[in-house]
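For reference, the structure discussed in these notes is given below.
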Amino acid sequence: STNPRKIGENQYQIDADSNLGMKVPVRIYADESLMQKMLSDRTIMQARNVASIPGIVGHSVVLPDGHEGYGFPVGGVAAMDAEEGMISPGGVGYDINCGVRLLRSNLTEDMVRSKLKELVTDLFSSIPSGVGSKGAVKLTHSELDEVLVKGVNWAIDHGYGSSDDADVCEENGQIQNADPNKVSDKARKRGAPQLGSLGSGNHFLEVQKVAEIHDEEAAKRMGIEEGTITTLIHCGSRGFGHQVCSDYLRVSEQAMEKYDINLPDRELACVPNNSEEGESYRKAMFSALNFAWSNRQMLTHWTRNSFQRVFNQSESDLDMKLVYDVAHNIAKVEKHKVDGQDRKLVVHRKGATRAFPANRDEIPSRYRDLGQPVLVPGSMGTASWILLGQPNSMDLSFGSTAHGAGRTMSRSKARRNFTENDVKKSLNDKGIFIKALTRDGVVEETPQAYKDVDSVVNVSHNLGIATKVAKLVPIGVIKG
Ligand code: 5GP
Ligand code: MN
Ligand code: MN
């Protein structure tokens, strides 16, 4: 049957059906209500299509925040054999290295509430946002090349933060083997003016308070204390990554015939990972990863400056350290055990967060014996979570968990059902102050447009994929 079959608490499977071209089963991690939601759109069908891509290993994974996307579901993981498997731009998504980072502070809620409007207004005016927003820097061709190779370290070398920040980014904020020569002029033209900008819609900067601690030891190691203020920044590689994705979707579509690849959906366009086209996409995609790390680093610097201005304290007084930075649209080669064998896999995480358990080499030394911090945003009116990667993630989801609550209502439906005043009033009633560039931005991002983040996190926690460390609730939000 093509219907998901419950195989355990919070676990569903669709067995591989060779008549449908499926090479592996689909595995879905969800509670009953999240499962029902996934069945109401194309999420599950898309995950089945992904299971038919040559070289896919283990199972096609849908995480509890899963919803339909371009070809591949958002909230999905597809792991391909690095030698025989494919690499696919649609398996990473348009916003390459969209991700989130969390800054802590030692400010308390009272201190911040008394200056909340001033703080949010200062952040809003110092951080460029909006659809075509331009960043604060003008880059020449060779400067952009440097960004694309050096990632977060480009920003740090130019005065935006310190090397402590790089230490707690996935890949230390600079992935090796990016090659700007594989990036089109069009991507450069779109990207160069946008470095250092938030973007629009779903991208945000949020001032939060730590509402609950669920894992004392892990929270302590991350410097997270109940009642203190954190800042969550969500953005990616702007028009740059978008253009890289478009460019290589076209390259992949055109090369498929040559490699004799047949797929149930054109949007799954892919090429062999070790082909010339695969190499080129990887090097361009890695350039976009580095662009995004540099971008988030610049926003981090301006955030710290805003806090210093408004609270008239120094950065070290405020202790605004970066806790962690995760990429949730990415593909890279990792070592995984599959049926007892060590294998090299191209792990595509699209709307999925790496959630490695303790002792993986990839985890920053500061957290290696603990496990990887994971950041799961919810919505501007509900909670967001800090989780900790756990061993079961390696068996269940190629070391990955959810990247958010996941959208449940289309933007157009949100616009039909809510007004700007509705949304602002309900946020205000919860003590949340928002500054947004556009009315549509507010309405489309209404908390009701997203699934219940607590349910999503419970699935991850109960399965031992990534477990709860702390719950964060918003008090101030800026939206592009
Ligand atoms: P995506 O990367 O898929 O656009 O978004 C990731 C997740 O961010 C969404 O699934 C949603 O749960 C969450 N999210 C969207 N807007 C906000 C916001 O303003 N604040 C917080 N904390 N989370 C948000
Ligand atoms: Mn994102
Ligand atoms: Mn994004």
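The values are calculated or read from the model by the stated rules, or taken from the named source; none is laboratory data. These figures come from a predicted structure and were not determined experimentally. Using ideal geometry, Cβ is built from the backbone for each residue, glycine included, and neighbour counts are taken over all protein chains shown.
Can you give me the number of residues within segment 356-381 that are surrounded by fewer than 20 Cβ atoms within 10 Å (Cβ to Cβ) and of a type in the set (S, T, N, Q)?
2
Mind listing just one residue for me: the one in segment 222-245 that is assigned to a helix (DSSP H, G or I) and touching an Asp or Glu at 6+ places or on another chain (Cβ under 7 Å) and, of those, surrounded by the most Cβ atoms within 10 Å (Cβ to Cβ)?
Taking the candidates together, the pick is GLY241.
Would you mind stating whether GLU118 is farther than 26 Å from GLY351 by Cβ and in a loop (DSSP other than H, G, I, E, B)? Give the derivation first.
On the way: farther than 26 Å from GLY351 by Cβ: yes; in a loop (DSSP other than H, G, I, E, B): no.
In short, no.
Please verify whether PRO128 is within 16 Å of ligand 2 (Cβ to nearest atom), under 27 Å from VAL442 (Cβ atoms) and either in contact with a Ser or Thr (Cβ under 7 Å, 6 or more places away or on another chain) or at pLDDT 95 or above (or both), treating the condition exactly as stated.
So PRO128 fails the test.
Given the structure, is ILE233 hydrophobic (A, V, I, L, M, F, W, C), under 30 Å from ILE432 (Cα atoms) and within 16 Å of ligand 3 (Cβ to nearest atom)?
yes
Residues in segment 170-185: is at least one within 16 Å of ligand 1 (Cβ to nearest atom), of a type in the set (A, V, I, L, M, F, W, C) and within 20 Å of the chain's Cα centre (by Cα)?
Checking segment 170-185: not a single residue is within 16 Å of ligand 1 (Cβ to nearest atom), of a type in the set (A, V, I, L, M, F, W, C) and within 20 Å of the chain's Cα centre (by Cα).
Residue by residue through segment 326-350, note down the ones that are within 27 Å of ARG407 (Cα to Cα) and in contact with a Leu (Cβ under 8 Å, 6 or more places away or on another chain).
First, the residues of segment 326-350 that are within 27 Å of ARG407 (Cα to Cα): 326-332, 346-350.
Passing the criteria: VAL326, ALA327, ILE330.
Looking only at residues in segment 201-218 that are part of a strand (DSSP E or B) and over 16 Å from LEU299 (Cα atoms), which one is nearest to ligand 2 (Cβ to nearest atom)?
Here the residue is GLN208.
Which members of segment 151-160 meet the condition of being assigned to a helix (DSSP H, G or I) and either buried (at least 19 other Cβ atoms within 10 Å of the Cβ) or among the hydroxyl-bearing types (Ser, Thr, Tyr) (or both)?
VAL152, ASN153, TRP154, ALA155, ILE156, listed by residue number.
Could you please let me know if ASN274 is at pLDDT below 95 and surrounded by fewer than 22 Cβ atoms within 10 Å (Cβ to Cβ)? Let's see the steps before the verdict.
Values: at pLDDT below 95: no; surrounded by fewer than 22 Cβ atoms within 10 Å (Cβ to Cβ): yes.
When the stated conditions are applied, ASN274 does not pass them.
Against the definition (within 16 Å of ligand 3 (Cβ to nearest atom) and touching a residue at least 12 places away in the same chain (Cβ under 8 Å)), how does VAL152 come out, yes or no?
Against the criterion (within 16 Å of ligand 3 (Cβ to nearest atom) and touching a residue at least 12 places away in the same chain (Cβ under 8 Å)), VAL152 does not qualify.
Checking the conditions here, which among VAL131, VAL137, VAL147, VAL112 is farther than 30 Å from ALA355 by Cα and in a helix (DSSP H, G or I)?
VAL112
With (1) β-branched (Val, Ile, Thr); (2) within 14 Å of ligand 1 (Cβ to nearest atom); (3) not in a strand (DSSP E or B) as the list, and ILE363 as the residue in question, which single condition is left unmet?
Only one criterion is unmet by ILE363, namely (2).
Whether any residue in segment 279-301 is acidic (Asp, Glu), over 14 Å from MET86 (Cβ atoms) and surrounded by fewer than 18 Cβ atoms within 10 Å (Cβ to Cβ) is what I want to check. Lay out the reasoning, then the answer.
As a first pass, look at segment 279-301 and keep what is acidic (Asp, Glu): 279.
Narrowing further to those that are over 14 Å from MET86 (Cβ atoms): none.
Checked segment 279-301: no residue is acidic (Asp, Glu), over 14 Å from MET86 (Cβ atoms) and surrounded by fewer than 18 Cβ atoms within 10 Å (Cβ to Cβ).
Conditions (1) away from ligand 1 (no atom under 14 Å from the Cβ); (2) touching a strand residue (DSSP E or B) at 6+ places or on another chain (Cβ under 7 Å), marked per residue:
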position	(1), (2)
ALA358	yes, no
HIS403	no, yes
ASP422	yes, no
ARG439	yes, no
ASP452	no, no
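Can you name the condition, by its number, that ARG407 falls short on among (1) free of Cβ contacts under 8 Å to residues at least 60 places away in the same chain; (2) among the charged types (D, E, K, R); (3) farther than 22 Å from ASN172 by Cβ?
Answer for ARG407: the failing condition is (1).
Restrict the check to segment 240-260 and report whether at least one residue is under 12 Å from ALA470 (Cα atoms) and within 16 Å of ligand 1 (Cβ to nearest atom).
Within segment 240-260, not a single residue is under 12 Å from ALA470 (Cα atoms) and within 16 Å of ligand 1 (Cβ to nearest atom).
Name the one entry in TYR70, TYR29, TYR94 that is crowded, with 24+ Cβ neighbours inside 10 Å and within 16 Å of ligand 1 (Cβ to nearest atom). Talk me through it step by step, then tell me what you get.
Numbers: TYR70 fails: crowded, with 24+ Cβ neighbours inside 10 Å; TYR94 fails: crowded, with 24+ Cβ neighbours inside 10 Å.
Exactly one of TYR70, TYR29, TYR94 is crowded, with 24+ Cβ neighbours inside 10 Å and within 16 Å of ligand 1 (Cβ to nearest atom), namely TYR29.
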